[in-house]
Structures are given as C-alpha cells and as structure tokens.
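All remarks here apply to the structure that follows.
The values are calculated or read from the model by the stated rules, or taken from the named source; none is laboratory data. Remember, it's a predicted structure, so these values are computed and weren't measured experimentally. Note that each Cβ is placed from the backbone with ideal geometry, even for glycine, and that neighbours are counted across all protein chains shown. Accessible surface areas use protein heavy atoms only, side chains included; no ligands, DNA or RNA. Shrake-Rupley method; radii C 1.70, N 1.55, O 1.52, S 1.80 Å.
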Amino acid sequence: MSTSRIFVTGIGATTPIGGTAGESWDALLAGTSGARSLEHEWVEKYQLPVTFAAEAKVRPDTILDRPVAKRLDPSSQLAMVAAQEAWADAGSPEVDPERLGVEFATGIGGVWTLLDAWDTLREKGPRRVMPMTVPMLMPNAAAGNLSLHFGARAYARTFASACASSTESLVNAIEHMRAGLADIVIAGGSESAIHPITIASFASMQALSRRNDSPETASRPGAVDRDGFVMGEGAAVLILETEEHAKARGARIYAELVGGGVTADSYHITANDPEGTGAARAVRLALEMAGASPDEVTHVNAHATSTPVGDPNEYVALKSVFGDRVEELPVSATKASTGHLLGGTGALEAMFTVLALRERIAPPTINMTEPDPAVPFALSGEPTPLGDGDQLAISNSFGFGGHNAVVAFRSV
C-alpha cells in the first residue's frame, strides 16, 4: 500500500445553479436556488403531484458536439461536460494512459434512454429500437465513455449506491491510488433522472417536497417546516492526482483528499438508522484514514436532504462523533440551493467542500425559516468565514440501501 498523498488538481461541474464549477460556486455563495417549475407537457399529462425540480441550468446537448451527444444518455452527457471542464482546469495533464483511471458513479443511470426505448417498442415495434440503446442506458456508460474520451486504461469503475454513489467513487479512488494503480483519476458522478416515473415514485413514498407554488424555497434542510427533498440533476468531477505526479508537473492544487469511509446500516432499504451508528462509523473511518481527530474538523457539508426524518438522523450521527461541538461547527446544507442530484450529489458536495477550504468560507444554507430544535446544526443563511490556519472538512452522503460514505479534505 502506497502512502502517497492525493491532491485535487482540477474541478468541473454542471448543475441546476450554473453551467460550470465556477458559476455554480458563485451562485451558491449568492444564495441562488436552482429549483424551478417544470415546463414539460408530461407534468400535466400524468397529473404529477410534484410539478417542479432542479434541472441542469445548461442543457449538455447544447455544449457537446451533436454526434457525441446523440450517442449518450443525458446522464452521460452531463458527465462528459463536467469531466471536460475538470480536465482542462487541471491543465490537460500528460499521463501514461495505463496510469489514468476513472471512478465514476450514478444512482440510476440511463433512465431516459431506457423508458424512451420502451415507448418506441410499444408504439413502433422492435425494428425502431436504436441499436445503441443498451450502451446508452447501462449504468457504466458514463465511466466507459469517459475512459474512451480521455484514453484512461488503468481502469474504469462504476459505483451505484444510490445517493452515496459518487462519494463512494472518491473513497474508492483513494484506496486504488494508494494501492499504486493510477497516478491520476477522473472521479465523480452524474444523474439525469427528472422523469415522470421517478417523480411519481418519490412522491408516492412521500419523499418529495410539494411546495409547487414556491419551488425556490422548497428545499429547506434543518427547518422545522421542511417537507421533503427536491429532485436535481447534474454532474461534478474532481481530478485526483498523486503528490509525486502533481508536483513533477507543477500542478495547481486545490486541496488534499486525506480520508474516506464507507459503511452500511443494515437497517432498512430506504430509511437510515435513527441511531446513526453506520453514518457515524463512516465519519470515524474517514478521520482515521486522514490521521485526524474529530476536534480538527472545521467544516461539514451535510447530506441534509430536507426530509423530516433524514435531517435529525444525521444530526444524531454527527453528535455521536463531535459531541456538543457539532452545534458550533460551520455546517452547510447545499442541497437547499442545488436540489438533490442523487448519484451525482456526493461529487458536487465534495467539490463545494474543496472550494470552501480553498476560499476559507462555508457556503450558506438558504431557506432557513424557523430552525428545527431536533436539528441544531450551525446552519447560516450567509457565507461563513472559516478563518486562517489548517482546515479539515468532511462531506457526507447517505443512500437508499443503507449506504454511508464520507470523505475528508485538508487545506493546502
């Protein structure tokens, strides 16, 4: 096992609040909401009980070349846009293809391709189903296409652990890079699942906010009147690089990825453990890998989906790790602005955590009306300075199936 340090040398994103990483960060600090009413005929056609979501601000097929876009499901299109930005941001590094890997994630994959193909089959017959249907709908499509595009031959792995997916991709990147399998890894996640079937399903289980008359204020983590999460879509990518490779080429360094932890609740297929045991253990594992104590943590990007049950359970988990200090730590719940990107959310929030350390400022949590006494996080509606000196931050992700994943970053 190598002890090489791992640095973040490039970032890219396309989100409900911005078409690039920089635009998304600026919009986040400005308190922008990406939630909007859906302007699709199928909303009325199927009489959906939830009529809004946080769609990507810039459609990826308007950025990619048409031949490329036509061969990719929207989830893979978003992944490609974010990865191209991140790669360019890292300086388009020269690397041995057999030392370049891809760790990419999605919670659902090519749902649009799958269901459009089903409609075509039923309405027009099998001869009209596109031959590229399976390569477009498969969950590993994004990882495979990124590997092809960038010539990554070390490996191309796919992770699908619901809302913990892309955080788990980062944890796996640490393990594989420290095992000496790659010098650079393209890591992240994407999701494009704002579809009638997913909205109807999440609404049926009472998971979505129903503030149809005020989409921009619907996601309100930690607020006493929260009523569910807001579906989001987008992608985020981090270029991870070993210390030796990064310094040899004089790369710009955003932050150091110092630890990660992955656990399972084994409690319920959709609900997280109310005692927070598995989530807390994931935090401790991340800090243990980082060689750090809970007292060193200066910022937390919480999973905080704005659901009545999920937010208090996360508080219980963090309380068991940090004690009373958890109520003083600057905590950001950025889904209030971006909505919940499902499998892409962990990578996006990891990117926000990296930028928080670099800029030494914790992003605001919008829509905080009356704080819930059961979730006494130090959430602020304004950006919060993190101060000088060494900074250590964690980003949490928890998913259906009982998946828990946490990553830790240190300032440089």
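Scanning segment 372-412 for residues that are open to solvent by less than 40 Å² (accessible area, probe 1.4 Å) and of a type in the set (Phe, Trp, Tyr), we see that the one that is nearest to the chain's Cα centre (by Cα) is 398.
Condition check for residue 323 on (1) part of a helix (DSSP H, G or I); (2) under 20 Å from the mean Cα position of the chain (by Cα); (3) farther than 25 Å from residue 78 by Cα: one failure, at (2).
Would you mind finding the one in 345, 365, 353, 369 that is assigned to a loop (DSSP other than H, G, I, E, B) and either crowded, with 20+ Cβ neighbours inside 10 Å or among the charged types (D, E, K, R) (or both)? Give the derivation first.
Working: 345 fails: assigned to a loop (DSSP other than H, G, I, E, B); 353 fails: assigned to a loop (DSSP other than H, G, I, E, B); 369 fails: either crowded, with 20+ Cβ neighbours inside 10 Å or among the charged types (D, E, K, R) (or both).
The conditions single out 365.
Contact map, segment 280-306: first residue surrounded by fewer than 24 Cβ atoms within 10 Å (Cβ to Cβ), second residue among the small types (Gly, Ala, Ser) and part of a strand (DSSP E or B), Cβ cut-off under 6 Å, separation 6 or more or different chains; pairs are 285/261; 289/259; 290/259; 290/408.
Scan segment 13-36 and give yes if some residue there is aromatic (Phe, Trp, Tyr), modelled with pLDDT of 95 or more and surrounded by fewer than 16 Cβ atoms within 10 Å (Cβ to Cβ), otherwise no.
Step one: list which residues in segment 13-36 are aromatic (Phe, Trp, Tyr), which gives 25.
From the residues that got through so far, the ones that are modelled with pLDDT of 95 or more too are 25.
Next, from what is left, pick out any that are surrounded by fewer than 16 Cβ atoms within 10 Å (Cβ to Cβ): none.
Scanning segment 13-36, I find no residue that is aromatic (Phe, Trp, Tyr), modelled with pLDDT of 95 or more and surrounded by fewer than 16 Cβ atoms within 10 Å (Cβ to Cβ), so the answer is no.
The set of residues in segment 212-253 that are among the hydrophobic types (A, V, I, L, M, F, W, C), in contact with a Phe, Trp or Tyr (Cβ under 6 Å, 6 or more places away or on another chain) and not in a loop (DSSP other than H, G, I, E, B) contains only 246. From the list 114, 148, 121, the one residue that fits, being among the hydrophobic types (A, V, I, L, M, F, W, C), in contact with a helix residue (DSSP H, G or I) (Cβ under 6 Å, 6 or more places away or on another chain) and surrounded by fewer than 24 Cβ atoms within 10 Å (Cβ to Cβ), is 114. Checking each residue in segment 65-77 for being free of Cβ contacts under 8 Å to residues at least 24 places away in the same chain and either among the hydroxyl-bearing types (Ser, Thr, Tyr) or open to solvent by 50 Å² or more (accessible area, probe 1.4 Å) (or both) picks out 65, 66, 67, 70.
Applying the selection to segment 153-184, what residues are open to solvent by less than 10 Å² (accessible area, probe 1.4 Å) and assigned to a helix (DSSP H, G or I)?
First pass over segment 153-184, keeping only residues open to solvent by less than 10 Å² (accessible area, probe 1.4 Å): 161, 164-167, 169-171, 173-174, 177, 182, 184.
164, 165, 166, 167, 169, 170, 171, 173, 174, 177, listed by residue number.
Do you know which of the residues in segment 381-411 that are in a strand (DSSP E or B) and polar (S, T, N, Q) is nearest to residue 315 (Cα to Cα)? So, considering only residues that are in a strand (DSSP E or B) and polar (S, T, N, Q), the one nearest to residue 315 (Cα to Cα) is 396.
Scan segment 4-37 residue by residue and report those that are in a loop (DSSP other than H, G, I, E, B) and under 18 Å from residue 252 (Cα atoms). Across segment 4-37, the qualifying residues are 4, 5. Screening residue 329 with (1) farther than 16 Å from residue 273 by Cα; (2) in contact (Cβ under 8 Å) with a residue 60 or more places away in the chain; (3) not polar (S, T, N, Q) gives one miss only, at (2).
Mind listing whichever residues of segment 26-36 are under 12 Å from residue 54 (Cβ atoms) and in contact with a Pro (Cβ under 6 Å, 6 or more places away or on another chain)? Correct list: 34, 35, 36. Looking across segment 380-399, the residues that are modelled with pLDDT of 95 or more, over 12 Å from residue 297 (Cβ atoms) and of a type outside the set (Gly, Ala, Ser) come down to 382, 383, 384, 385, 398. Contact map, segment 78-99: residues that are under 14 Å from residue 182 (Cα atoms) paired with residues that are of a type in the set (Lys, Arg) and at pLDDT 95 or above, Cβ distance under 7 Å, separation 6+ or inter-chain. Pairs shown: 93/249; 97/153; 98/153. Pairs are defined by a Cβ separation below 6 Å, a sequence spacing of at least 6 or placement on different chains, a first member in segment 125-137 that is β-branched (Val, Ile, Thr), and a second member that is in a helix (DSSP H, G or I); the pairs so defined are 129/117; 129/120; 129/121; 133/117.
Could you tell me which of the residues 58, 43, 50 is part of a loop (DSSP other than H, G, I, E, B), among the aliphatic types (A, V, I, L, M) and surrounded by fewer than 19 Cβ atoms within 10 Å (Cβ to Cβ)? Show your work before the answer.
On the way: 43 fails: part of a loop (DSSP other than H, G, I, E, B); 50 fails: surrounded by fewer than 19 Cβ atoms within 10 Å (Cβ to Cβ).
Of the residues listed, the single one that is part of a loop (DSSP other than H, G, I, E, B), among the aliphatic types (A, V, I, L, M) and surrounded by fewer than 19 Cβ atoms within 10 Å (Cβ to Cβ) is 58.
Within segment 185-202, is there a residue that is more than 20 Å from residue 108 (Cβ to Cβ), open to solvent by 10 Å² or more (accessible area, probe 1.4 Å), touching a residue at least 24 places away in the same chain (Cβ under 8 Å) and not charged (D, E, K, R)? Checked segment 185-202: no residue is more than 20 Å from residue 108 (Cβ to Cβ), open to solvent by 10 Å² or more (accessible area, probe 1.4 Å), touching a residue at least 24 places away in the same chain (Cβ under 8 Å) and not charged (D, E, K, R). Checking each residue in segment 205-257 for being surrounded by fewer than 22 Cβ atoms within 10 Å (Cβ to Cβ), within 15 Å of residue 9 (Cβ to Cβ) and under 21 Å from the mean Cα position of the chain (by Cα) picks out 253, 256.
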